[in-house]
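The values are calculated or read from the model by the stated rules, or taken from the named source; none is laboratory data. Fair warning: this is a prediction, and the values are worked out from it, not measured in the lab. Backbone-built Cβ (ideal geometry, glycine too); neighbour counts: all protein chains shown. Ligands, DNA and RNA are excluded from the accessible area calculation, which covers all protein heavy atoms including side chains. Shrake-Rupley method; radii C 1.70, N 1.55, O 1.52, S 1.80 Å.
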Amino acid sequence: MTARQSAGVLLYRRTGPDTEVLLGHMGGPFWARKDARAWSLPKGEYQPDQEEPEAAARREFAEELGLPPPAGDWAALGSVRQTGGKVVTVWAVEGDLDPRLVVPGTFELEWPPRSGRLQRFPELDRVAWWGLDQAREKIVAKQQVFLDRLGELLASG
């Protein structure tokens, strides 16, 4: 069985000597009271036989944030297998975005469980810029590697 595939964008901006990344807090009732390890870069699933990963990353950015993907040079940050087995492939791109302009996509979930009631929740319930050190505390543990790879990319260039 092939692992589920996901693709995303790590948007970053340089603020003087510092670098900040844009992360979204995962929406829905499971994440509502969590902060540490409850943030993610904008990403989503795709079918490898139907879509190229970079195209999926661009599509998912637009779907999750309600804004077009950033223009600019996209740098591949590689892939990582998350705890649940999903393989996430990510690109870094420099740009800026006002979190107040985000209009997140939504998903439906039966909530409360076994209630028979479907409720709609935002995929990301808030979006914010974080310095790399803060982002390491916020982001889902298996995605930390993308912050490290971004740091290496910026240090080498």
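What residue, among those in the range 96-121 that are more than 14 Å from Gly28 (Cα to Cα) and acidic (Asp, Glu), is surrounded by the fewest Cβ atoms within 10 Å (Cβ to Cβ)? So the residue we want is Asp98.
Quick check: is even one residue across the range 41-49 under 21 Å from Thr2 (Cα atoms), basic (Lys, Arg) and open to solvent by 40 Å² or more (accessible area, probe 1.4 Å)?
Among the residues of the range 41-49, not one is under 21 Å from Thr2 (Cα atoms), basic (Lys, Arg) and open to solvent by 40 Å² or more (accessible area, probe 1.4 Å), which makes the answer no.
Do we have any residue at all in the range 48-68 that's farther than 15 Å from Val102 by Cβ, in contact with a helix residue (DSSP H, G or I) (Cβ under 8 Å, 6 or more places away or on another chain), touching a residue at least 24 places away in the same chain (Cβ under 8 Å) and not acidic (Asp, Glu)? There is no residue in the range 48-68 that is farther than 15 Å from Val102 by Cβ, in contact with a helix residue (DSSP H, G or I) (Cβ under 8 Å, 6 or more places away or on another chain), touching a residue at least 24 places away in the same chain (Cβ under 8 Å) and not acidic (Asp, Glu).
Hey, can you tell me all the residues within the range 122-131 that are open to solvent by 30 Å² or more (accessible area, probe 1.4 Å) and at pLDDT 95 or above?
Looking only at the range 122-131, we keep the residues that are open to solvent by 30 Å² or more (accessible area, probe 1.4 Å), and these are 122-123, 125-126, 129-130.
Passing the criteria: Asp125, Arg126, Trp129, Trp130.
Here the condition is being touching a strand residue (DSSP E or B) at 6+ places or on another chain (Cβ under 8 Å) and closer than 21 Å to Val127 by Cβ; of Ala76, Ala62, Ala56, it holds for Ala56 alone. With the requirement that a residue be farther than 22 Å from Val87 by Cβ, without any contact (Cβ under 8 Å) to a residue 24 or more places away in the chain and of a type in the set (D, E, K, R), what does the range 107-145 give you? Hits for the range 107-145 are Glu108, Glu110, Arg114, Arg117, Arg120, Asp133.
With the condition kept exactly as written, say whether any residue in the range 69-77 is surrounded by fewer than 18 Cβ atoms within 10 Å (Cβ to Cβ) and closer than 23 Å to Gly28 by Cβ. So far as the range 69-77 goes, no, none of its residues is surrounded by fewer than 18 Cβ atoms within 10 Å (Cβ to Cβ) and closer than 23 Å to Gly28 by Cβ.
Which of the residues belonging to the range 82-95 are at pLDDT below 95 and open to solvent by 40 Å² or more (accessible area, probe 1.4 Å)?
Step one: of the range 82-95, the residues at pLDDT below 95 are 82-86.
Residues satisfying the conditions are Thr83, Gly84.
Going by what's in this entry, would Ala56 be described as open to solvent by 60 Å² or more (accessible area, probe 1.4 Å) and among the small types (Gly, Ala, Ser)?
Values: open to solvent by 60 Å² or more (accessible area, probe 1.4 Å): no; among the small types (Gly, Ala, Ser): yes.
No.
Determine, yes or no, whether Arg59 is assigned to a strand (DSSP E or B), more than 17 Å from Asp148 (Cβ to Cβ) and among the basic types (Lys, Arg). Let's see the steps before the verdict.
On the way: assigned to a strand (DSSP E or B): no; more than 17 Å from Asp148 (Cβ to Cβ): yes; among the basic types (Lys, Arg): yes.
No, not satisfied.
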